[in-house]
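Take a look at the structure set out below.
The values are calculated or read from the model by the stated rules, or taken from the named source; none is laboratory data. Just so you know, these numbers come straight off a predicted model, no measurement behind them. Cβ coordinates were reconstructed from backbone atoms using ideal geometry, including for glycine residues, and neighbour counts include every protein chain displayed.
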Amino acid sequence: MTKTLTGIMAVVVAVLLSTSAVAVEAQKATNNEVPRITKEDLKAMLGSPDVIILDVRLEDQWKVADRKLPGAVHEDPAKDVTSWVHKYPKEKTIVLY
């Protein structure tokens, strides 16, 4: 795993731990696991003002993708995560895909 990806995973876990809706699942996770939700759970969350969905595919993959979740915000994980992670309120549920 690259240093960038490891850094991203650490930030993702930190962001997820700071969100109340995911905190319970995060507490169940071991150190090497990232909390996950089902596509049905995500579908039920679409459109909620308390949920921010981040599409974290690499820029070149995102540009050519023919499918994107409605309302999702793209953030390129190849960039320094600290350049965009602070844009999102901690009190929101943040879902990365």
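So which of LYS79, LYS63 is basic (Lys, Arg) and exposed (fewer than 11 other Cβ atoms within 10 Å of the Cβ)?
On the way: LYS79 fails: exposed (fewer than 11 other Cβ atoms within 10 Å of the Cβ).
Only one candidate passes the filter, namely LYS63.
For the stretch 7-20, indicate whether the set of residues that are at pLDDT 85 or above, touching a Leu at 6+ places or on another chain (Cβ under 6 Å) and of a type in the set (Val, Ile, Thr) is non-empty.
As a first pass, look at the stretch 7-20 and keep what is at pLDDT 85 or above: none.
No: the stretch 7-20 contains no residue that is at pLDDT 85 or above, touching a Leu at 6+ places or on another chain (Cβ under 6 Å) and of a type in the set (Val, Ile, Thr).
Counting only residues that are in contact (Cβ under 8 Å) with a residue 60 or more places away in the chain and within 18 Å of LEU46 (Cα to Cα), how many does the stretch 72-89 have?
Residues that pass the stated criteria total 1.
Of all residues in the stretch 45-71, which are aliphatic (A, V, I, L, M) and either touching a residue at least 60 places away in the same chain (Cβ under 8 Å) or part of a loop (DSSP other than H, G, I, E, B) (or both)?
Passing the criteria: LEU46, VAL56, LEU58, ALA65, LEU69.
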